[in-house]
Amino acid sequence: MSKNIKLGLSVATFETNFGPIVYATSDLVKLSEIFHKVRNIGYESVDLFIDQTSEEKAYAIKKLLDENELKVSMLVCIYLAELGVNFGSTDAKVREKSIQTYIDQMKIAKILDAPTMPVGFIRGRITEKDNLGDYYKRLSESLKILVEGAKQYSVELCLEPINRYEVNTIFSLDDAIDFIDQYEVQGLKILADFFHMNIEDADMVSSIKRAGNKIRHVHIPDSNRKAPGMGHLNYYELLDSLNSIGYNGYLVSEANPFGQSDLCATFGFEYLEKVMNTKK
Ligand code: LER
Ligand code: MN
């Protein structure tokens, strides 16, 4: 496995019931303690889930991250999904507002030095009366604007295929690759999430190899969305396939702790270390 691989964990800066977040708190003192603990386990980054955040608060969070020598590997503004963000809406005003709202969040990403942001859960749904081709055309045009806009904040956008029970388009890695190629959304990268892939991709290893350098970020929860090693995924072959495409970014344990955050954080880390240090 590449020496550049870095492990990360999902952390939210607000109280939330959104499942795959290992630690969540709105209290900055507790957040600092969490960052300290996460770093001590050995993680190098957090995928940071935020709610509406002022620039002032973002600077305060950045200070805590720096003090604990942690990076933000991805900024996730999950609350935007609830605000009705829809990049492929039939209504041009909704699309325009969605794009502007997302670009505003990139200022926060810049403050936090976050290299990536996802368009996965946060991209909206196709409505029943819509036509898939038309929807993809509108979605791709919005995403082209976003990819361009993201450049000035040094952020890369990652399309995340999500399983069919959570969204209604772009489920598998193959769907994402085809969408990017067919609609020529140059510069749009992919976030590969093992949990979703296990549901949607026929062969996870082949999909990873096909996606190649389009993959810019990876979520590594197990088949049951618990910590790596707690489900039935074969991490040896999955990490091997990431190695074979030269992936050298973050592997983030976006796992559901099911009430046992410390266990989830330590078990997953130790398991992955074991996998990465096992010589074939
Ligand atoms: C949603 O299911 C997911 O996997 C996250 O990465 C949130 O964007
Ligand atoms: Mn994910």
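The values are calculated or read from the model by the stated rules, or taken from the named source; none is laboratory data. Treat the numbers as computed from the prediction; the structure is a model and nothing was measured. Because the Cβ atoms are built from the backbone with ideal geometry, glycine has one as well, and the counts that use them run over all protein chains shown. Note: areas computed on protein heavy atoms with side chains; ligands, DNA, RNA excluded. Shrake-Rupley method; radii C 1.70, N 1.55, O 1.52, S 1.80 Å.
Working note: 222 nm ellipticity from helices only, DSSP H runs with n ≥ 4, each -39,500 (n - 2.57), summed and divided by the residues of the chain, gives -14000 deg cm²/dmol to the nearest 500.
Checking the Cα-Cα distances for Lys129/Lys209; Lys62/Lys137; Lys71/Lys226; Lys63/Lys137 against a 32 Å cut-off, the pairs over it are Lys129/Lys209; Lys62/Lys137; Lys63/Lys137.
Find the percent of Cα-Cα distances in the range 80-272 that exceed 30 Å, and round it to a whole number. Each step should come with its number before you reach the end.
Working: 3760 of 18528 pairs.
For the range 80-272, the share of Cα pairs beyond 30 Å comes to 20 percent.
Calculate, for the chain, the solvent-accessible area per residue in square angstrom, rolling a 1.4 angstrom probe over the heavy atoms of the protein chains.
On the way: 12510 Å² over 280 residues.
Solvent-accessible surface per residue comes out at 45 Å².
If each residue of separation counts as 0.36 nm, what is the full-extension length gain between Leu28 and Phe258 once their alpha-carbon separation is subtracted?
Numbers: separation 230, 0.36 × 230 = 82.80 nm, distance 2.29 nm.
So the extension gain works out to 80.5 nm.
For the range 177-225, the normalised intensity computed at q = 0.13, 0.16 Å⁻¹ comes to -0.30, -0.45 (log10 of I(q)/I(0), Debye sum over alpha carbons, equal scatterers, no solvent).
In this simple spin-label approximation, Lys6 and His232 carry label points 7 Å from Cα along the Cα→Cβ vector, and these lie 3.5 nm apart. Between the listed residues Asn277, Tyr183, Asn168, the Cα displaced farthest toward the positive end of the dipole of the chain, a dipole computed from Cβ unit charges relative to the Cα centre, is found at Asn277. For the pair the range 229-280 / the range 1-40, the C-alpha centres are spaced 16 Å from each other.
Using only alpha carbon positions, build the gyration tensor of the range 18-64, then give the equivalent ellipsoid semi-axes as the square roots of 5 times its eigenvalues, largest first, whole angstrom. Walk me through the numbers on the way to the answer.
On the way: eigenvalues 62, 38, 19 Å².
Result for the range 18-64: semi-axes of 18, 14, 10 Å.
Quantify, in whole percent, the carbon and sulfur part of the accessible surface of the chain (1.4 Å probe; protein heavy atoms only).
46 percent
Tell me the relative contact order for the range 80-272 as a rounded percent, counting alpha carbon contacts under 8 Å between residues six or more apart. Please report the intermediate quantities before stating the final value.
Working: 333 pairs, mean separation 30.7, N = 193.
Taking the mean separation of contacting Cα pairs over the length of the range 80-272, I get 16 percent.
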